[in-house]
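Data block below; observations after.
A short reminder: the numbers here are calculations on the coordinates, not readings from a lab. Model, not experiment: these values are computed from the prediction. Cβ sites come from the backbone with ideal geometry, for glycine too, and all protein chains shown count toward neighbours.
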Amino acid sequence: MATAAKALNPVDLKAIFGLEPLKAVAYLKSKGYAVTWNWQDMLDQAHDQAFTVAKAMRIDLLSDIRGALETALQEGQTLKQFIGNLQPILESQGWWGKQVIVDSQGVGELVQLGSPRRLKTIYQTNLQSSYMAGRKASMEETAESHPYWMYIAILDDKTRPSHRALHGRVFRHDDPIWAAIFPPNGFNCRCRVVALSEAAVRRRGLVVISSEGNTFSETVETGVDKRTGTVRTATVTGLRTTDAAGKPVTFRTDPGFNHAPGAGLADMLKRKQDAA
């Protein structure tokens, strides 16, 4: 989807996803930390295990940023509030503006550290992934009674055609495709998934389809490492489908979003509940 002119705030996210932030916060808190130089250094499922911000090269910085995100989730902070609270902390840590940073190999590079634009990306990407991880965990808990999952896109002029083409498509909860296409499927993706019972599928006249024979994986370029000249790549999953008019459309996840956020979150929460 194209970048929206207005940032999505927690209130907007809860309106779209219908969630309280409890499981979303649990997902964010469950992560460790990873120091990375480029966003391509950590892709897909690795984000379930560790929290990272490219070029935030100290754990204390990552801890401050993640703490601000947890507070934003718990208190429903707007983007403006999030930036207003976090910017002074990052400035005091020296992580703001453009600076020459030396990497682990002793190579210096002029890079963009903290900025309102970067904090907007950090805020939206992490909050959306956390909300959707929480939603997926809730849906997995009710898979026995609601075994069918339907992809929902926001149908406005900001929606990518391929995301629009998936709107209303229904797959079983255990169809392998969900391991790749459970939203978000890119930066600023507003898509979601709803769980349906068998009775609801029949009542609404929906058709349950299978991804078998219609999926593929491919390697795409994601940029060039400025220090080494190496071309960076990532694997994405594709799904062949049709739009509302029956015209063939190919859906692809964006690089770095080729996974379902929160894999294993439902099991982790159940273990904690059983141990309590």
Checklist entry - Translational D (Stokes-Einstein, µm²/s) of the stretch 10-134 at 20 °C and 1.002 mPa s when Rh comes from the Kirkwood sum over C-alpha pairs? => result 143
Item to check | Choice from Ala24, Ala200, Ala153 with maximal GNM fluctuation in the chain (Cα, 10 Å cutoff) | outcome: Ala200
Checklist entry - With no solvent and one point on each alpha carbon, what is the Debye value of log10 I(q)/I(0) for the stretch 61-186 at q = 0.10, 0.11, 0.23 Å⁻¹? => result -0.49, -0.58, -1.27
Item to check | Rel. contact order, % - alpha carbon contacts under 8 angstrom, at least six apart, the stretch 10-134 | outcome: 32
Next on the checklist: What's the ranking of 207-217, 251-261 by average number of surrounding C-beta atoms within 10 Å, highest first?
Outcome noted: 251-261, 207-217
Checklist entry - For Val194 and Leu155 in the same chain, what is the full-extension length gain: residue separation times 0.36 nm, less their Cα-Cα distance, in nm? => result 12.5 nm
Checklist entry - Applying 1/(1 + (r/R0)^6) with R0 = 30 Å to the Cβ-Cβ distance of Arg203 and Asp267, what FRET efficiency is obtained, to the nearest 0.05? => result 0.45
Checklist entry - How about the stretch 25-130: which trypsin sites (Lys or Arg not before Pro) there lie in a loop by DSSP and see at most 14 other Cβ atoms within 10 Å? => result Arg58
Next on the checklist: Taking the Cα centre as origin and putting +1 on Lys and Arg beta-carbons and -1 on Asp and Glu beta-carbons, what dipole magnitude results for the stretch 184-237, to the nearest 20 debye?
Outcome noted: 360
Next on the checklist: How high is the relative contact order of the chain? Use alpha-carbon pairs under 8 Å, at least six apart in sequence, and give a whole percent.
Outcome noted: 21
Item to check | Translational diffusion of the chain, µm² s⁻¹ [Kirkwood Rh, Cα pairs; Stokes-Einstein; 4 °C; 1.567 mPa s] | outcome: 65
Checklist entry - With charges only on Cβ, +1 for K and R and -1 for D and E, what is the dipole size of the stretch 145-261 about its Cα centre, in debye, rounded to 20? => result 280
Checklist entry - Residue separation times 0.36 nm, minus the C-alpha to C-alpha distance between Ala244 and Arg117: what's the value? => result 42.2 nm
Next on the checklist: Can you compute the helix-only [θ] at 222 nm over the chain? Use -39500 (n - 2.57) per DSSP H run of at least 4 residues, normalise by all residues, nearest 500 deg cm²/dmol.
Outcome noted: -11000 deg cm²/dmol
Checklist entry - How big is the antiparallel share of DSSP beta bridges in the chain, given as a percent to the nearest 5? => result 90
Item to check | Dipole moment magnitude, nearest 20 debye, the chain about Cα centre, only Lys, Arg, Asp, Glu C-beta charged | outcome: 620
Checklist entry - If the cut-off is a Cα-Cα distance under 13 Å, which aspartates and glutamates reach Lys23, setting aside same-chain residues fewer than 8 apart in sequence? => result Glu70, Glu140, Glu141, Asp267
Checklist outcome for this item: Yeah, the stretch 145-261 with a ≥ b ≥ c from its alpha-carbon gyration tensor (a/c under 1.5 is rounded, else prolate when a/b outruns b/c, oblate otherwise) is prolate
